[in-house]
Amino acid sequence: MAQFIQVGVTALRDPVTGEMLPAVPLYIQAPETDAEQKELEPLADGIAHLLALRMKQYIDGCKAQGITI
(Lines give C-alpha, C1' and ligand atoms only; values in the text may rest on other atoms or scores of the structure.)
Protein backbone atom coordinates (compact mmCIF):
# COMPACT_ATOMS: atom_id res chain seq x y z
CA MET A 1 0.00 0.00 0.00
CA ALA A 2 1.39 3.40 -0.98
CA GLN A 3 2.24 5.91 1.73
CA PHE A 4 1.94 9.67 1.32
CA ILE A 5 3.73 12.54 3.04
CA GLN A 6 2.08 15.92 3.56
CA VAL A 7 4.37 18.60 2.12
CA GLY A 8 2.21 21.67 2.57
CA VAL A 9 -1.20 23.20 2.06
CA THR A 10 -2.78 25.30 -0.65
CA ALA A 11 -5.90 27.41 -0.87
CA LEU A 12 -7.76 29.18 -3.62
CA ARG A 13 -9.27 32.65 -3.43
CA ASP A 14 -12.98 33.26 -3.74
CA PRO A 15 -13.39 34.93 -7.15
CA VAL A 16 -16.16 37.20 -5.85
CA THR A 17 -14.82 38.37 -2.47
CA GLY A 18 -11.10 37.67 -2.88
CA GLU A 19 -11.03 35.92 0.50
CA MET A 20 -9.16 32.67 1.00
CA LEU A 21 -11.17 29.46 0.71
CA PRO A 22 -10.47 26.55 3.08
CA ALA A 23 -6.96 25.15 2.84
CA VAL A 24 -6.36 21.74 1.27
CA PRO A 25 -3.34 19.58 2.19
CA LEU A 26 -0.75 18.72 -0.48
CA TYR A 27 0.78 15.24 -0.51
CA ILE A 28 3.56 13.42 -2.33
CA GLN A 29 3.94 9.68 -2.58
CA ALA A 30 6.71 8.40 -0.34
CA PRO A 31 9.47 6.31 -1.94
CA GLU A 32 8.68 2.61 -1.52
CA THR A 33 12.24 1.26 -1.63
CA ASP A 34 15.72 2.33 -0.62
CA ALA A 35 16.66 2.42 -4.32
CA GLU A 36 13.90 4.95 -5.01
CA GLN A 37 15.07 7.02 -2.04
CA LYS A 38 18.64 7.03 -3.39
CA GLU A 39 17.37 8.21 -6.79
CA LEU A 40 15.68 11.22 -5.16
CA GLU A 41 18.70 12.42 -3.15
CA PRO A 42 20.44 14.27 -6.03
CA LEU A 43 17.16 16.00 -6.84
CA ALA A 44 16.78 17.15 -3.24
CA ASP A 45 20.38 18.38 -3.15
CA GLY A 46 19.90 20.26 -6.42
CA ILE A 47 16.74 22.06 -5.34
CA ALA A 48 18.29 22.92 -1.98
CA HIS A 49 21.25 24.51 -3.78
CA LEU A 50 18.97 26.55 -6.06
CA LEU A 51 16.85 27.75 -3.14
CA ALA A 52 19.97 28.72 -1.19
CA LEU A 53 21.23 30.77 -4.15
CA ARG A 54 17.88 32.58 -4.38
CA MET A 55 17.92 33.32 -0.64
CA LYS A 56 21.48 34.68 -0.89
CA GLN A 57 20.39 36.89 -3.79
CA TYR A 58 17.48 38.20 -1.70
CA ILE A 59 19.65 38.89 1.36
CA ASP A 60 22.34 40.62 -0.72
CA GLY A 61 19.65 42.76 -2.37
CA CYS A 62 18.23 43.75 1.01
CA LYS A 63 21.69 44.67 2.31
CA ALA A 64 22.36 46.76 -0.81
CA GLN A 65 19.18 48.74 -0.13
CA GLY A 66 19.96 49.10 3.59
CA ILE A 67 17.12 46.82 4.66
CA THR A 68 17.76 44.77 7.79
CA ILE A 69 16.22 41.32 7.80
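The values are calculated or read from the model by the stated rules, or taken from the named source; none is laboratory data. These numbers were taken from a predicted model, which means no experiment stands behind them. Cβ atoms come from the backbone with ideal geometry, glycine included; neighbour counts cover every protein chain shown. What goes into the accessible areas is simple: the full protein's heavy atoms, side chains included, and nothing from ligands, DNA or RNA. Shrake-Rupley method; radii C 1.70, N 1.55, O 1.52, S 1.80 Å.
For this structure, a couple of remarks:
- If you go through segment 24-52 and pick out every residue that is part of a strand (DSSP E or B) and not aliphatic (A, V, I, L, M), you end up with 3.
- Residue within segment 11-23 that is free of Cβ contacts under 8 Å to residues at least 60 places away in the same chain, open to solvent by less than 90 Å² (accessible area, probe 1.4 Å) and not in a loop (DSSP other than H, G, I, E, B) present: no
- Of all residues in segment 26-69 being within 21 Å of Gly8 (Cα to Cα) and open to solvent by less than 70 Å² (accessible area, probe 1.4 Å), the one that is farthest from the chain's Cα centre (by Cα): Pro31
- Unmet requirement for Phe4, which otherwise passes all of (1) open to solvent by 80 Å² or more (accessible area, probe 1.4 Å); (2) more than 17 Å from the chain's Cα centre (by Cα); (3) not β-branched (Val, Ile, Thr): (2)
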